[in-house]
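The structure under discussion appears below in the form of structure tokens.
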Amino acid sequence: MRAQAPTHRPTWVLVLSSLMLVTSGSSLTFGLMRVQDPTSALPIDTTKVNGSAAELQLSQRLAAVRTTAVTPHRRALRADAVAEIALSLFGLYATAAVLARDRHGRRLALAVGALVIVYRLGSLPVYLALMRDYAEQGAEVMAEALLQNPAFHTDLTSADLASGLKATMIKWPIIVAAVCIAGALILMAYFGGRRGKALYGLSAAPPPPRAP
């Protein structure tokens, strides 16, 4: 059965297409940033420097750690950035098709969901290796920076704080991948399920209720 152009846009289509637009746009931005500067793949350095020599030295140490951690993965990060840019552009194209009520919108949305899953699973080893290196080299420096921040309060020792930071940093790529894959599965469930088929004329409309 050939897909038909939708005659309306239900609420779930507007919500999902809005999420596709936001995520594709942000992914395009991050991908372009990583092509220019692979260190942008790491979490943003939130160390506050108020001008003292010790804080300035700490900030320089953390910047050096970031560069050292990224260097062995620079080529892989740039290749990943190119793949994310291509996926983001395809996602924007699919979003435009859905919003324009193009009859191919459903098929494109399903393709986006599948490609997101493939991309996230494929890029996960790259970011796990990167964050392991960054955690091993930078967790202690980050813990030291946090303990020197007057706005940060904790009863943990520097060693315990560094250990907690290291565990969180290593888990972070897995959390990001899980959230993105869950979003892709929701997208595929709606466009590939009963609602999507009915919207694009791929399933017969339910029969009207019989009169008593």
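What follows draws every value from the coordinates through simple rules; no lab data is involved. This is a predicted model, so every value here is computed, not measured. No Cβ is skipped: glycine too gets one built from the backbone with ideal geometry, and neighbour counts run over all protein chains shown.
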Cβ-defined net charge surrounding SER17, 15 Å radius [Lys, Arg +1; Asp, Glu -1] | +4
Starting with the fewest neighbours, write out MET1, MET188 ranked by other beta-carbon atoms found within 10 Å of each beta-carbon.
-> MET1, MET188
Quick calc, SER203 & PHE30: beta-carbon distance into FRET formula, R0 45 Å, rounding 0.05, result 0.75
Spin-label proximity, ALA182 to the stretch 109-144 - amide N less than 20 Å from point 7 Å beyond Cα toward beta carbon = 113-125, 128
Computed helical MRE - 222 nm, the chain, DSSP H runs ≥ 4 contributing -39500 (n - 2.57), nearest 500 = -26000 deg cm²/dmol
Regarding the chain, what are the three Cα extents along the principal axes, ordered largest first, in Å?
-> 81, 42, 29
Karplus couplings for the stretch 140-148 from phi (6.51 cos²θ - 1.76 cosθ + 1.60, θ = phi - 60°), rounded to Hz, Gly and Pro as x?
-> 5, 5, 5, 4, 4, 5, 5, 5, 7
Its Cα gyration tensor gives the stretch 23-130 an equivalent ellipsoid whose semi-axes in whole Å, largest first, are 36, 15, 9
Estimated inter-spin distance, ALA64 and VAL82, nm [label 7 Å along Cα→Cβ] = 3.3
Mean separation of Cα pairs under 8 Å and 6+ residues apart, divided by the residue count of the stretch 1-104: what relative contact order is that in percent?
-> 53
Expressed in nm to one decimal, what extension gain is obtained for the pair GLU55 and LEU14 from 0.36 nm per residue of sequence separation less their Cα-Cα distance?
-> 10.0 nm
Enter the angle in degrees (range 0 to 90, nearest 10) between the Cα long axis of helix 158-192 and the first principal axis of the Cα atoms of the chain, meaning the one along which they spread out most.
-> 10
Go ahead and run the numbers for FRET between VAL126 and ARG195, Cβ-Cβ distance against an R0 of 41 Å, rounding to 0.05.
-> 0.70
Would you mind counting up the charge near VAL126? Only other residues with Cβ under 15 Å from its Cβ, with Lys and Arg at +1 and Asp and Glu at -1.
-> +3
Taking Cα centroids, how far is the stretch 162-181 from the stretch 80-107 in Å?
-> 28
